[in-house]
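Novice: Below is the structure I would like to discuss, written out as structure tokens.
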Amino acid sequence: MADTASAPIRSTLDTVAVAAGDPDRQQPWSELGLKADEYERIREILGRRPTGAELAMYSVMWSEHCSYKSSKVHLKQFGELAQETPIGPMLAGIGENAGVIDIGQGYAVSFKVESHNHPSYVEPYQGAATGVGGIVRDIIAMGARPIAVMDPLRFGPLDADDTHRVLPGIVAGVGGYGNCLGLPNIGGEAVFDETYLGNPLVNALCVGVLRHEDLHLAKASGEGNLVVLYGARTGGDGIGGVSVLASETFDADGPAKRPSVQVGDPFMEKLLIECTLELFRAGVVAGIQDLGGAGLSCATSELASAGDGGMLVHLDKVPLRDSTLSPEEILMSESQERMMAIVEPDDIAAFLAITTKWDVEASVIGEVTETGRLVIDWHGETVVDVPPRTVAHDGPVYERPFARPEWQDALQADGAEKLARPTTGDELRATLLQLVASPNLCDKSWITDQYDRYVQGNTVLAQPADSGMVRVDEETHLGVSVATDCNGRFAKLDPYAGAQLALAEAYRNVATGGAVPLAVSDCLNFGSPEDTDVMWQFAEACRGLKDACAELGIPVTGGNVSLYNQTGETAILPTPVVAVLGVIEDVRRRTPSAFQGADERIVLLGTTREELSGSEWAKVAHDHLGGLPPKVDLRAERNLARLLKDLVGIATSAHDLSDGGLAQALAEAAMVSGIGARVSLEGDAFVGLYAESAGRALVTVDAGDLDELRALCARHDVPLTELGTTGGEVLAVEGQFEVPLAELRAAWTATLPNALG
Amino acid sequence: MKIGVVTFPGSLDDVDAQRAVRIGGNEAVALWHGDADLKGVDAVILPGGFSYGDYLRCGAISRFAPAMGKVVEAARAGMPVLGICNGFQILCESHLLPGALIRNDHRKFVCRDQLLRIENNRTAWTSAYDQGQEIRVVLKNGEGGFVADTETLARIEGEGQVVARYLEVNPNGSLNDIAGVTNERGNVVGLMPHPEHAVEELTGSGLDGLGFFTSLVEGAFA
């Protein structure tokens, strides 16, 4: 072979020829996370034992994180939903790097939410930072310019030592990376629950915008086209990250896997964004894929199997940060900030001129072939020769057993409605102050002030608004809105309903700003799939989400599954985080969520029921979780969303009711604006204030617009209740209590700074 | 007037600064760090961001960009130059402005709507404001703590070189609550807060930043 003279082959190199001649060699398949039957299947596929490099590729690609082997059978139902949004076709869906939907005026939007949970537990700053980096590259790979990020986070109790270890690092990591990329962080969540102690959740969402004609797909086609790797050099970081970290439960010994977490370089990623967008504009990209989990193993096998031929890769041409890396390690490395493009030979000079302009290193490492096989060589010797589809898509599929937990009935029978309630005005007042100061309801500025929410100059709504909203076009004022939500307590009580309530809340949050909800991305965070209880929660949540999407007429465009979020026997609350994206034709007409002026009428939309199980009140006042979650009424949610759209320009503010009920919504609308409110409640004031019934929103209108509001409510079949009037410097509930806004605000804002410094 | 905005690798608020220039009624010209060519502009803005990732001292690499050679030359000849956030850091590294910027005293990145007082309305970039005017402008930085040795600090205070001061909260530990400074001539201004994010009702902290983009008067500092 030609190259061997200049590059000495190490005697240990496990080539395809060696593997064929040495069929019985012991291989470390178990250490790489493969099961015995999986290893046997690889041998069957290849008709021989795999080489070390092949084994590395299969092990990472067949890991839970990459292959979705436990979740696939449940996820496939999302593909049964109509592949269109209320206003247009889905341009790319599940299976692509990220979903893409039409938003009108020739624009499309790509968005996706993904998890980076386990790495963030092991190394909070880098785990969270590279979580942002990974989702941003998914969006770029579709041809879109990233325009915003959001981060739904879950932590253990605020007063736990480990929360103080992980939270500051995770928040600094999300901010450190996203801020350096120039992406506004426009919202997210921060939720505390003891089940997340030792299993924090770091989900990261990115939204990007593109013109329809700029859509790019991940496939390698056209014999002779070149395979170009560009961006950061490949190092030893993150080797085995997916198979070892994301697919195994932490044991009680805690983190000992630090070397597997990747290290992020946001400056390189910023260059990659600008460089890649310029490559797209120049028309020199025939196919593209980002390198994330499973690195080159994933990019080469996915690109090749999505194309119409095969691929030949010269692995020794990969620029390395560490020259001692073996072929196996190069294939498994999860070094960040790398992309792979397929480029026609005639375009390569223009391609390399652009990467040079941006100081981004690029190397031609291979070409598209007609062989139908993915062949990888190392200094002229073949170390991988596989059908690419078997690596990328034909991984194992498990029908994991699942069963309704034995404890589910007892849990559901233990409702919070029977718990002792505050009865007097003074007790209700104390409850309000206690709840606004509780970790889940308190002001999150300590976190969100570490994120740049203004960069790019298009942020119309950001935290603490119900949804994030960004302008897409400065001339036409077209914009998009995103919200992410999930109440894991509801999902624990009933995972089917819990997933639907998560969707309903995100859908409602988008609608309150005046946008039309269009599509869903989900990040399904659960415990171990090997536990039949957890697997039942997962199956139920998927079924619930799919049924609710069908009823609301919005598709699931993609997402991510994170399993094994458990420490020992304790699984996290089932946490199907749902992101809903909506479109608004004119962002200038968006409805803000805080009060806008005095003497406006405050009106509650929707129906309040005596629903207290799973509520924040039950958690804070009684540390209680039991009963049935609030009723799901998707027809009512849809009617409310349509009403809120028609209220654009009429409602001066609109605020979703969710955690903490009416009391929290009133308090937030007042505290954020500094405008008080005086309301009176018919019936049980406690239920009125703290029930967490879904399908509700608080709106304000000028007195002169009340008749129009009533007429619109009648048209959309949404019940309304007039509550009172804005103004003054207190929040007052007639006949019950008054709280000065200053006192309320002091309680609301003190919690995180007091706990975290 | 033609106002150039230099894009360095890692600049983030360059497009935002260009927009603010246009909203201020001027023509925005994109300048590239690698080109030693100011394209005939009348003034230059160095925008915010994390040039070169801020991996070395903020602004320490960008000061050596080919475009910066021209900027320094032009600034010394009187051309108005505004550095915002990372741009302020670059101007200090280039010795066009006194002092330096270090990590925030609380060690966290901070993003907030910040109240400022204009302390000097006689610079090229602040003449649209009243002396002592209070404005609310977006602030976002990780290394915005203004420091200078005692002698320098006394001099810039004495000479009226403090352009803006933080009110209500000192967000980063800056000495004397200093948010921005100017050179002796008043043509070069560095500001840690981001006036380009306060030029539209809808998207920032109001309209209070617009004055920085309407102050330039043709030939005033030439």
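All of the numbers you see were taken from the coordinates with simple rules; none came from a lab. Keep in mind that what you see is a predicted model, and the values were worked out from it rather than measured. Ideal geometry is used to build each Cβ from the backbone, glycine not excepted, and the neighbour counts take in all protein chains shown.
Novice: Mind listing the phi-derived Karplus ³J(HN,Hα) values for segment A:451-468, rounded to whole Hz, using 6.51, -1.76 and 1.60 with θ = phi - 60°, and x for any glycine or proline?
Specialist: Coupling constants for segment A:451-468: 10, 6, 9, 10, 4, 6, x, 10, 6, 9, 9, 8, 3, x, 5, 5, 9, x Hz.
Novice: Taking amide hydrogens as modeled 1.01 Å from N in the peptide plane, which residues meet the under 5 Å criterion relative to A:ILE103, leaving out close sequence neighbours?
Specialist: For A:ILE103, the qualifying residues are A:ALA108, A:VAL109.
Novice: Shifting gears a bit: What is the extension gain from A:ASN754 to A:ARG589, computed as 0.36 nm multiplied by their sequence separation minus the C-alpha to C-alpha distance, in nm to one decimal?
Specialist: Values: separation 165, 0.36 × 165 = 59.40 nm, distance 3.77 nm.
That pair, A:ASN754 and A:ARG589, stretches by 55.6 nm at full extension.
Novice: To continue, here is another question. What are the semi-axes of the equivalent ellipsoid for segment A:467-595, taken as the square roots of 5 times the Cα gyration tensor eigenvalues, largest first, in whole Å? Write out the running numbers ahead of the final one.
Specialist: Details: eigenvalues 200, 33, 30 Å².
Whole-Å semi-axes of the equivalent ellipsoid: 32, 13, 12.
Novice: Quick one: plug the Kirkwood hydrodynamic radius of segment B:2-214 (C-alpha pairs) into Stokes-Einstein at 10 °C, 1.306 mPa s, and report D in µm²/s. Let's see the in-between values first.
Specialist: On the way: Rh = 16.5 Å.
It comes out at roughly 96 µm²/s.
Novice: Further question on the same structure: Just the number, please: percent antiparallel of the DSSP beta bridges in the protein assembly as shown, rounded to the nearest 5. Don't jump to the answer; show the numbers that get you there.
Specialist: Working: 117 of 157 bridges.
Percentage antiparallel, nearest 5: 75.
Novice: Between B:ASN176 and A:ASP414, what's the calculated FRET efficiency when r is the beta-carbon distance and R0 is 60 Å? Round to 0.05. Could the numbers behind the result be given before it?
Specialist: Working: r = 60 Å, r/R0 = 1.00.
Working from the Cβ atoms, E equals 0.50.
Novice: Which one, B:VAL21, B:PHE8, B:GLY186, is farthest towards the positive end of the dipole of segment B:2-214 when Lys and Arg carry +1 and Asp and Glu -1 on their Cβ?
Specialist: B:PHE8
Novice: Per the Kirkwood treatment, what hydrodynamic radius in Å, one decimal, follows for segment B:122-222 from the mean inverse distance over all distinct Cα pairs?
Specialist: On the way: mean 1/r = 0.0704 Å⁻¹.
Result for segment B:122-222, one decimal place: 14.2 Å.
Novice: For A:ALA437, what is the net charge nearby, where nearby means another residue's Cβ is under 12 Å from its Cβ and Lys, Arg count +1, Asp, Glu -1? Don't skip to the end; give the middle numbers.
Specialist: Working: positive: A:ARG745; negative: A:ASP443, A:GLU616, A:GLU743.
Net charge around A:ALA437: -2.
Novice: I've got another one for you. Please give the average number of partner chain Cβ atoms lying within 10 Å of the Cβ of each residue in A:451-464, rounded to a whole number.
Specialist: Values: counts 3, 12, 6, 14, 11, 7, 17, 6, 4, 3, 2, 1, 0, 0.
Mean shielding by partner chains, rounded to a whole number: 6.
Novice: Give the calculated FRET efficiency between A:ASP707 and A:LYS317 to the nearest 0.05, with a Förster radius of 60 Å applied to their Cβ-Cβ distance.
Specialist: On the way: r = 73 Å, r/R0 = 1.21.
Between A:ASP707 and A:LYS317 the formula returns 0.25.
Novice: In whole Hz, with x marking every Gly and Pro, tabulate ³J(HN,Hα) for segment A:730-735 from phi via Karplus 6.51 cos²θ - 1.76 cosθ + 1.60, θ = phi - 60°.
Specialist: 10, 9, 10, 10, 3, x
Novice: Next question. On average, how much area does the Cα convex hull of segment B:68-150 cover when viewed from any direction, in nm²? Please report the intermediate quantities before stating the final value.
Specialist: Values: hull surface 25.6 nm².
Value for segment B:68-150: 6.4 nm².
Novice: Return the percentage of antiparallel bridges among DSSP beta bridges fully within segment B:2-214, rounded to the nearest 5 %.
Specialist: Numbers: 23 of 39 bridges.
Taking every DSSP beta bridge with both residues in segment B:2-214, the antiparallel ones total about 60 percent.
Novice: Report the label-to-label distance for A:ARG609 and B:THR152 in nanometres (one decimal), using points 7 Å from each Cα along the Cα→Cβ vector.
Specialist: Going from the A:ARG609 label point to the B:THR152 one covers 6.7 nm.
Novice: Can you tell me the mean projection area, over all orientations, of the convex hull of segment A:75-148's alpha carbons? Units nm², please.
Specialist: Numbers: hull surface 23.7 nm².
Mean orientational projected area (segment A:75-148, Cα hull): 5.9 nm².
Novice: To continue, here is another question. Calculate, in whole percent, how much of the Cα-Cα pair population of segment A:137-224 lies beyond 15 Å. Intermediate values should be presented prior to the final figure.
Specialist: Working: 2495 of 3828 pairs.
Tail of P(r) above 15 Å: 65 percent of Cα pairs.
Novice: So, one more: Project the alpha carbons of segment B:107-170 onto their principal axes and report the range along each, largest first, in whole Å.
Specialist: If we take the Cα atoms of segment B:107-170, the spans are 32, 30, 20 Å.
Novice: For a quick check: with amide H placed at 1.01 Å from N, whose amide H comes under 5 Å from A:ALA218's, ignoring anything fewer than 5 positions away on the same chain?
Specialist: Excluding prolines and chain starts, which carry no amide H, the hits are A:ASN97, A:ILE288.
Novice: R0 = 25 Å: FRET efficiency of A:VAL397 with A:THR371, Cβ-based, nearest 0.05?
Specialist: 0.40
Novice: Moving to a separate point now. Averaged across A:303-309, how many Cβ atoms of other chains sit within 10 Å of each residue's Cβ atom?
Specialist: Values: counts 0, 0, 0, 0, 0, 0, 0.
Mean shielding count: 0.
Novice: Percent of Cα-Cα pairs more than 23 Å apart in segment A:309-408, please.
Specialist: 44
Novice: Still on this structure: If the reach is capped at under 27 angstrom between alpha carbons, list the lysines near A:LYS619, excluding any in the same chain fewer than eight residues apart.
Specialist: Once the sequence-local lysines are set aside, what remains near A:LYS619 is A:LYS418, A:LYS444, A:LYS492, A:LYS631.
Novice: Tell me the mean residue ellipticity at 222 nm calculated for chain A from its helices only (DSSP H runs of n ≥ 4, each -39500 (n - 2.57), averaged over every residue, nearest 500).
Specialist: For chain A, the value works out to -10500 deg cm²/dmol.
Novice: Can you list the HN-Hα couplings for segment A:63-69, worked out from phi with the Karplus curve (6.51, -1.76, 1.60; θ = phi - 60°), rounded to whole Hz and with x for Gly and Pro?
Specialist: Karplus values, whole Hz, x for Gly and Pro: 5, 4, 4, 8, 9, 6, 5.
Novice: While we're on this one: What translational diffusion coefficient, in µm²/s and rounded to a whole number, does the Stokes-Einstein relation yield for chain A at 20 °C and a viscosity of 1.002 mPa s, taking the hydrodynamic radius as the Kirkwood radius over Cα pairs?
Specialist: Values: Rh = 26.6 Å.
The calculation lands on 80 µm²/s.
Novice: Count charges around A:GLU682 for me, please; just the other residues with Cβ under 11 Å from its Cβ, Lys/Arg as +1, Asp/Glu as -1. The partial results should precede the final answer.
Specialist: Numbers: positive: none; negative: A:ASP684, A:GLU722, A:GLU734.
Once all neighbours under 11 Å are counted, the net charge is -3.
Novice: Net charge near A:GLN450: determine it from the other residues with C-beta under 13 Å of the C-beta of A:GLN450, scoring Lys and Arg +1 and Asp and Glu -1. Before the final figure, lay out each step's value.
Specialist: Values: positive: A:LYS444, A:ARG453, B:ARG107, B:LYS108, B:ARG112, B:LYS140; negative: A:ASP151, A:ASP449, A:ASP452.
Once positives and negatives cancel, what remains is +3.
Novice: Given H placed on each backbone N at 1.01 Å, which residues far from A:LEU518 in sequence or on other chains put an amide H within less than 5 Å of it?
Specialist: A:LEU581, A:GLY582, A:VAL583
Novice: When A:PHE526, B:PHE64 are ordered from fewest to most other Cβ atoms inside 10 Å of their Cβ, what list results? If you can, show how the numbers build up before the last one.
Specialist: Values: A:PHE526 27, B:PHE64 11.
Arranged by neighbour count, lowest to highest, A:PHE526, B:PHE64 become B:PHE64, A:PHE526.
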